[in-house]
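See below for the structure under consideration.
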Amino acid sequence: MTHPSDPDTTLATLPNGVRVVTLSLPHLHTAAVSVFVRSGSQHESSAQNGISHVVEHMVFKGTHERDCQRINLDAERLGAEVDAHTDKDHSAFHMRGLARDAGSFVRMLGDIVCNGSFPEAELERERQVLLHEFAEDEDDGLASAFKLFDKACFGDDHALAQPVIGTRRNIERFTRSALQEYVQRQYSGANVVVGVAGPVEPEQVLRDAHAAFGALPRGSENVVAAPAWVGGIKSRRLAGYGQTHVVLGFPIPALSGDHAASVVSAAVFGEGMSSPLMDEIRERRGLVYYAACSADVMELCGQFVVEASTAPKNVDEFFCEVMRLLLAHARDGVGAVGLERAKNQLAVRSWQDMERPTRRLEAAALDLFVLGRMRSRIERVDRLQAVTAADVRQAFERMLAAGGAVALAGRVGNGVVERARATVLAPGLAS
């Protein structure tokens, strides 16, 4: 079925529920092939936390017919770029190379996704790589702050608060059988989207996808209940750090909700050096050397996020000034120039994303997982362009009324947590 608003986009569904998205882009000489699985850290129990990420690594280490070396050589003989990632709501596997080899890429990715053998010896070797990655993540102050932030937002019990990378203990103890059982449960037709973009024919892509993924069991959709917003403050002192890393945020609607005004609000507040956050906090006051604002819209919920790295002596003033700016936006709204700037910046970024084949395939896959349909490129941009100044002010009002969440990592001074609690958290939401 061709998309009614994007004629270069075709969607088909295999008998087992695997959805196949083809972007026919005849002007390209290369083809991008991706497989998206609705399986990430939000689907894990605490005892399994990190297993999706381990699986992402291990599928490249052997299948029933190919060992690790053969998998690597098969891709590199064709000049292909290979990549993969794990997120909270999905895992993804990518290959990109010459368009003539698109069918081979579909079959290669089908082999690793459907036929992983998880060899014991490879698991022990890769475990050491994963532990090095874990240690590097633990040593990153801002990464530590973000992990604390998720716990401040959602509490300690919901899976969305768990880090994608998992825990050291889990990484050390995952067994081959645990990986196999997890894949057997999670990797099913209802939770897989195959995407191909390039100068390709949808009919051929569909045949290749059927050959590679048609044997997957249908299964049922991997659905997780949304978390309640908890709010509060989490902190962690890190030895050897001279800076304080701060993440501050508020709840916004999920991907299936009315999130457009919140996305525009984040751009209004902190997109670009002329935004209020960057102009006032960084340019005029010099309170931070790094700051950013974003709207993270996910399957289960959304987060309006302000992140910063600063000197410990500036943390209190940073919180005061950020809250002053947020409250001013809730009270006074945004001017015409600020709204124009934010919408144009979002439009440029949206179109840039849609000009990147792999990013466009990922957006389509997440739409299919959550919404059951693919939004067109025009719909994505138009929805943001339709946001009014009144919508933005109301979005700030709703966020602040819900109460904030704060995380601090690195050098955290005495009394900073208590003062941040008084400055940021709404009454009754402190924890």
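The values are calculated or read from the model by the stated rules, or taken from the named source; none is laboratory data. Model, not experiment: these values are computed from the prediction. Cβ atoms come from the backbone with ideal geometry, glycine included; neighbour counts cover every protein chain shown. Surface accessibility is based on the protein's heavy atoms, side chains included, excluding ligands, DNA and RNA. Shrake-Rupley method; radii C 1.70, N 1.55, O 1.52, S 1.80 Å.
Would you mind stating whether Arg356 is of a type in the set (Lys, Arg) and under 24 Å from Leu300 (Cβ atoms)? In short, no. If you check Arg349, Arg373, Arg341, Arg356 for being open to solvent by 30 Å² or more (accessible area, probe 1.4 Å) and more than 23 Å from Val387 (Cα to Cα), only one passes: Arg356. For Ala178, the requirement of being in contact with a Gly (Cβ under 6 Å, 6 or more places away or on another chain), closer than 16 Å to His43 by Cβ, among the small types (Gly, Ala, Ser) and not in a strand (DSSP E or B) is not met.
Conditions (1) modelled with pLDDT of 95 or more; (2) of a type in the set (Asp, Glu); (3) within 13 Å of Leu368 (Cβ to Cβ), marked per residue:
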{"residue": "Pro4", "(1), (2), (3)": "no, no, no"}
{"residue": "Leu11", "(1), (2), (3)": "yes, no, yes"}
{"residue": "Ser46", "(1), (2), (3)": "yes, no, no"}
{"residue": "Val55", "(1), (2), (3)": "yes, no, no"}
{"residue": "Phe60", "(1), (2), (3)": "yes, no, no"}
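Taken together, the criteria place Asp296 among residues that are closer than 19 Å to Leu255 by Cβ, open to solvent by 40 Å² or more (accessible area, probe 1.4 Å) and within 20 Å of the chain's Cα centre (by Cα).
Among the residues making up the stretch 354-405, a single one is polar (S, T, N, Q), under 21 Å from the mean Cα position of the chain (by Cα) and in a helix (DSSP H, G or I): Thr358. Selection of the stretch 207-237 for residues being in contact with a Cys (Cβ under 8 Å, 6 or more places away or on another chain), closer than 17 Å to Val183 by Cα and either in a loop (DSSP other than H, G, I, E, B) or β-branched (Val, Ile, Thr) (or both) yields Ala215, Leu216. The set of residues in the stretch 1-22 being of a type in the set (A, V, I, L, M, F, W, C) and touching a helix residue (DSSP H, G or I) at 6+ places or on another chain (Cβ under 6 Å) consists of Ala12, Leu14, Val18, Val20, Val21.
Phe93 satisfies every condition listed in (1) touching a residue at least 40 places away in the same chain (Cβ under 8 Å); (2) part of a helix (DSSP H, G or I); (3) within 20 Å of Ala215 (Cα to Cα); (4) open to solvent by less than 50 Å² (accessible area, probe 1.4 Å) except (2).
Exactly one residue out of Ser274, Ser262 is under 20 Å from Val424 (Cβ atoms) and either more than 21 Å from the chain's Cα centre (by Cα) or not charged (D, E, K, R) (or both), and it is Ser262. Within the stretch 315-336, residues that are on the phi < 0 side of the Ramachandran plot and touching a residue at least 24 places away in the same chain (Cβ under 8 Å) sit with their Cβ atoms under 6 Å from residues that are open to solvent by less than 20 Å² (accessible area, probe 1.4 Å) and among the small types (Gly, Ala, Ser), at 6+ positions apart or across chains, in these pairs: Phe319/Ala420. From the list Glu203, Glu221, which residue is touching a helix residue (DSSP H, G or I) at 6+ places or on another chain (Cβ under 6 Å) and either open to solvent by 70 Å² or more (accessible area, probe 1.4 Å) or at positive phi (or both)? From the options Glu203, Glu221, the qualifying one is Glu221. Checking the structure you have, find out if any residue of the stretch 171-187 is of a type in the set (Asp, Glu), surrounded by 15 or more Cβ atoms within 10 Å (Cβ to Cβ) and in contact (Cβ under 8 Å) with a residue 24 or more places away in the chain. Checked against the condition, which is being of a type in the set (Asp, Glu), surrounded by 15 or more Cβ atoms within 10 Å (Cβ to Cβ) and in contact (Cβ under 8 Å) with a residue 24 or more places away in the chain, the stretch 171-187 yields no hits at all. A single member of Ser262, Ser256, Ser235 is buried (at least 17 other Cβ atoms within 10 Å of the Cβ), farther than 22 Å from Arg419 by Cβ, polar (S, T, N, Q) and touching a residue at least 60 places away in the same chain (Cβ under 8 Å), and it is Ser262.
For Leu160, the criteria (1) surrounded by fewer than 18 Cβ atoms within 10 Å (Cβ to Cβ); (2) in contact with a helix residue (DSSP H, G or I) (Cβ under 7 Å, 6 or more places away or on another chain); (3) in a helix (DSSP H, G or I) hold in every case but one, which is (1).
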